[in-house]
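Here's the structure we're looking at; comments come further down.
The values are calculated or read from the model by the stated rules, or taken from the named source; none is laboratory data. For clarity, every value in this text was computed on a predicted model and none was experimentally measured. Cβ: placed from backbone, ideal geometry, glycine included. Neighbour counts: every protein chain shown.
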Amino acid sequence: MSIVAKVIAQSDEANRFLSSAELTKLQDFFGNGTTRISAAQKLAANEQKIVDEGSKRFWAKCPNTPSNSGNPQKTALCQRDQGWYIRLVSYCVLAGNAKPLEDIGLDGMRDMYVSLGVPLTNLKLAMRCLKEVAMGTLSSEEGALAAPYFDQLIRAF
Amino acid sequence: MQDTITAVINPADEKGSYLEGAELEALQKYFQSGTLRVKAATQIGETAASIISETVAKSLLYGDITCPGGNMYPTRRYAACLRDLTYFLRYATYAMLAADASILDERVLNGLRETYGSLGVPIEPTIQAIQAMKDVVTQRVGADAGQEMDVYLDHIISGLS
């Protein structure tokens, strides 16, 4: 559900047309659409780089972790998940809210990683490193649109 | 409900892929049309009651339907008609903002024909009223936004037909 669908659902719930605050919110969202698109394109183009560089920074701070255990299969799986989270952030930037991240990647996430034996504190650090590298690939306007979703991701771990 | 953004995100996620090419172009177009949509929704929301009055004046008011034996008589039914026309206008405005008709299918059209059938609400005058609403809305919001609203008001018409 995007920001557009969300304000419509709110208005419908209250049986009314959109309020002027909601319309302003949508106007702001549409107004930086071009920046949203370029941010999403850059995240897509740099996913590999963000994951590789992010992993290096992460392992430097936290060497004893499943993705750095010497098992290439584990490393690949962890990095694949990290790439997925970058993709979900790119969806959020385009949707204007965190619903794609919440619905696809956060609902049930703790149970999954606990069951896999991946320490959540390590993942939190890994996500911080991903954010750092990702921010470096974006302009300040693009970064401002993407950062809240990385922050929500970090908080979730 | 779906909107034009989630309509491209959901299938992309099924494939595990980023949005690219044609999908991003569709979003770019949608974002660019956003100002037009928001402006139209603002105008329609602010003047909804008068849009409905004018719509009724243009389509139903002077016919038999408002007289004894007609479906807009007595006043209780006249008010119900105003309420339904306001629903049509509001949901068409939502759909226009979302650039997606699914909310109309889910929340307006689903079962509407049957409900009208059982209440004895005649379909033909209802359609005439929505046709008139298209003209009234276009006068208020201008040709470009009017065309966009037509898409969704026509969607209601075809769902009723």
- Task: Within segment B:14-41, count every residue that is more than 24 Å from B:Gln131 (Cβ to Cβ), buried (at least 19 other Cβ atoms within 10 Å of the Cβ) and at the interface with chain A (Cβ under 7 Å from one of its Cβ atoms).
- Result: 7
- Being of a type in the set (A, V, I, L, M) and within 11 Å of the chain's Cα centre (by Cα) is the filter; apply it to segment A:80-104 and report the residue that is farthest from the other protein chains (Cβ to nearest Cβ). A:Ala98
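Table: residues versus (1) on the phi < 0 side of the Ramachandran plot; (2) surrounded by 21 or more Cβ atoms within 10 Å (Cβ to Cβ); (3) touching a residue at least 60 places away in the same chain (Cβ under 8 Å).
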position: B:Asn71; (1), (2), (3): yes, no, no
position: B:Ala80; (1), (2), (3): yes, no, no
position: B:Leu112; (1), (2), (3): yes, no, no
position: B:Gly120; (1), (2), (3): no, no, no
position: B:Asp150; (1), (2), (3): yes, no, no
position: B:His155; (1), (2), (3): yes, no, yes
- Item | Residues (touching a helix residue (DSSP H, G or I) at 6+ places or on another chain (Cβ under 6 Å), of a type in the set (S, T, N, Q), farther than 30 Å from A:Gly96 by Cβ and at pLDDT 95 or above) located in segment B:25-83 | B:Thr55, B:Ser59
- Query: Assuming A:Lys49 fulfils every condition listed in (1) over 27 Å from B:Ala41 (Cβ atoms); (2) without any contact (Cβ under 8 Å) to a residue 40 or more places away in the chain; (3) more than 11 Å from chain B (Cβ to nearest Cβ) apart from one, which condition is it?
  - Reply: (2)
- Subset of segment B:36-61 that is of a type outside the set (Gly, Ala, Ser) and without any contact (Cβ under 8 Å) to a residue 24 or more places away in the chain - its residue that is nearest to B:Val121 (Cα to Cα): B:Leu61
- Message: Among the listed residues B:Ile9, B:Ile44, identify the single one that is β-branched (Val, Ile, Thr), over 20 Å from A:Thr24 (Cβ atoms) and in a helix (DSSP H, G or I).
- Response: B:Ile9
- Task: Output the residues belonging to segment A:134-157 that are in contact (Cβ under 8 Å) with a residue 24 or more places away in the chain, more than 13 Å from the chain's Cα centre (by Cα) and in a helix (DSSP H, G or I).
- Result: A:Thr137, A:Glu141, A:Glu142
- Item | Residues being of a type in the set (Gly, Ala, Ser) and in contact with a Lys or Arg (Cβ under 9 Å, 6 or more places away or on another chain) - total across segment A:47-75 | 2
- Item | helices (runs of 4 or more DSSP H) wholly inside segment B:49-161 containing at least 2 residues that are under 20 Å from B:Thr35 (Cα atoms) and within 14 Å of chain A (Cβ to nearest Cβ) | B:75-98, B:123-141, B:143-160
